[in-house]
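Inspection log for the structure reproduced underneath, given as C-alpha cells.
The values are calculated or read from the model by the stated rules, or taken from the named source; none is laboratory data. Fair warning: this is a prediction, and the values are worked out from it, not measured in the lab. Methodologically, a virtual Cβ is constructed for each residue, glycine included, from the backbone with ideal geometry; neighbour enumeration extends over all protein chains shown. What goes into the accessible areas is simple: the full protein's heavy atoms, side chains included, and nothing from ligands, DNA or RNA. Shrake-Rupley method; radii C 1.70, N 1.55, O 1.52, S 1.80 Å.
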Amino acid sequence: MNIQKKIYPAYFLFGALLLYVFLYVLPSLVGMYYSFTDWSRFDDTVRFIGWDNYKSIFSSDENYLRYIGNTLQLTVVTTILKTVLGLGLALIVGQKLWGKNFHRAVIFLPTVLSFLITGLTFQSILAPSGLLNSFLRTFGLDSWTRNWLYEGNWPFWSIYGIDVWKGMGYIMTIFLAGLMTISKDYYEAADIDGAHFWGKLRYITLPLLLPSFAVTTVLNLVYGLRVFDIVYVLTQGGPGDQTEVLYSVIFKLFGYGYYGLGTALSSLMFVIMVVIGYFIIRLLNKEVEA
C-alpha cells in the first residue's frame, strides 16, 4: 500500500507567524527605535538623539560596563557549574540505584520552586543571625561566620551557589534524556575490550551527549544573560551596586523614568545574546557533525 506524504498548505503558518510578528518582532523593532531617543517620564516630547544612549553605556564615567561584566561573569560561572554538576548527577542517578526515582525527584525539586520563595528562604538562611551562621557557631566556628549577602565577595558567590542549586536539576534531566538514547551495545562492546569507566565516559558517553551539551549550553547562556529575579530578591544589586546585573539595572532605569536609556541597555543585551547564542550553536553543531 502506498502511503502518500501529506503536505499541509503554507497558509497554516500564517496564524502563528502573525502572532510572532505582532507580539515579538514589532515590539523589538519599536524598542530598537526608542533606544535612539531621549524618551523619559520627565518630558512629554520624544526626540531622536542618535547614539547618545549607547555612548553613555560605554562611557568610562558610568558603571554600565561593570554591570555587563558582572552579567557575563555570572553567566560563565553558573553555566560551567550547572553543566558539570548536572552531568555528574545524571551519571549517578542514571545507574541502577535503590530509589533512583526518589533521588531524581529530590534533585529536580528546586527547579519548580519560584525565585521569590527561593530568594526569601536563602535570605533567612544567610542572614547574620540566620541558620548557616548559627550552625557554624554551634561547632565553635565563629570566625567563619559573616554576612554572606553583604560582605566582601561573598554576595557574588552566594548568588552563584543558590542559582546553581536551583538549576542543576533541570540540566540533569536533559543529560538523563541524552543518556537514555545511547545504546547499551556500545558499553557492552567496551566492557569486552576491557575499557574502564573513564575510557567509556571519554570515548562513548561524552561524544554521544554532544547534542545534550548544545541544548544545555544555550539554555544556560540565555538564562544567565537574562538573570534578574534571583539577584533582585537576594541583594537588590547591593551592597551598593556590587552585584548589579544588566536586567536589574534596566529594571531600575525604567523605575526612575529613563526609558530611552533602559531600552538601549535592553537592546544591547538582546544583541549580545543573539551573537553568543549563534556562535555557541554553530560551534557545537560542528562538533556533533564531526
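Overview of results
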| read-out | value |
| --- | --- |
| Surface share of carbon and sulfur [accessible, 1.4 angstrom probe, percent] for segment 63-289 | 69 percent |
| Cβ crowding within 10 Å averaged over residues, with 213-224, 145-156, 177-188 ranked highest first | 213-224, 145-156, 177-188 |
| Segment 94-216: C-alpha gyration tensor shape, a/c 1.5 cut-off, then a/b vs b/c | prolate |
| Segment 152-290: C-alpha gyration tensor shape, a/c 1.5 cut-off, then a/b vs b/c | prolate |
| Segment 17-65: trypsin sites (Lys or Arg not before Pro) in DSSP loop, at most 12 other beta carbons within 10 Å | 41, 47 |
| DSSP H segments from the chain that extend 18 Å or more along their own axis, Cα-based, with Kyte-Doolittle mean of 1.0 or above | 64-93, 210-225, 259-289 |
| Residue 37 long-range amide H proximity, modeled H, under 5 Å | 49 |
| For the chain, the fraction of alpha-carbon pairs in successive 5 Å shells from zero, as % | 1, 5, 9, 11, 12, 13, 13, 11, 10, 7, 5, 3, 1, 1, 0, 0 |
| Built amide H within the under 5 Å cut-off of residue 243, gap 5+ | 238 |
| Cα-centred dipole magnitude for the chain, charges only on beta-carbon of K, R (+1) and D, E (-1), debye, nearest 20 | 780 debye |
| Per-residue [θ]222 nm for the chain (sum of -39500 (n - 2.57) over DSSP H runs n ≥ 4, rounded to 500) | -21000 deg cm²/dmol |
| Å² of accessible area per residue within the chain, as computed with a 1.4 Å probe and no ligands counted | 61 Å² |
| Separation in nanometres of the label points that stand 7 Å from Cα toward Cβ, at residue 112 and residue 208 | 3.0 nm |
| Lysine pairs with alpha-carbon atoms under 20 Å apart, the chain, spacing 8 or more or separate chains | 7 |
| Virtual paramagnetic centre 7 Å along Cα→Cβ of residue 41, amide N under 13 Å, in segment 223-237 | none |
| Positive dipole terminus of the chain, leading residue within 224, 189, 26 (C-beta point charges) | 189 |
| Electrostatic dipole magnitude of segment 173-247 [Cβ: Lys, Arg +1; Asp, Glu -1; Cα centre; debye, to 20] | 80 debye |
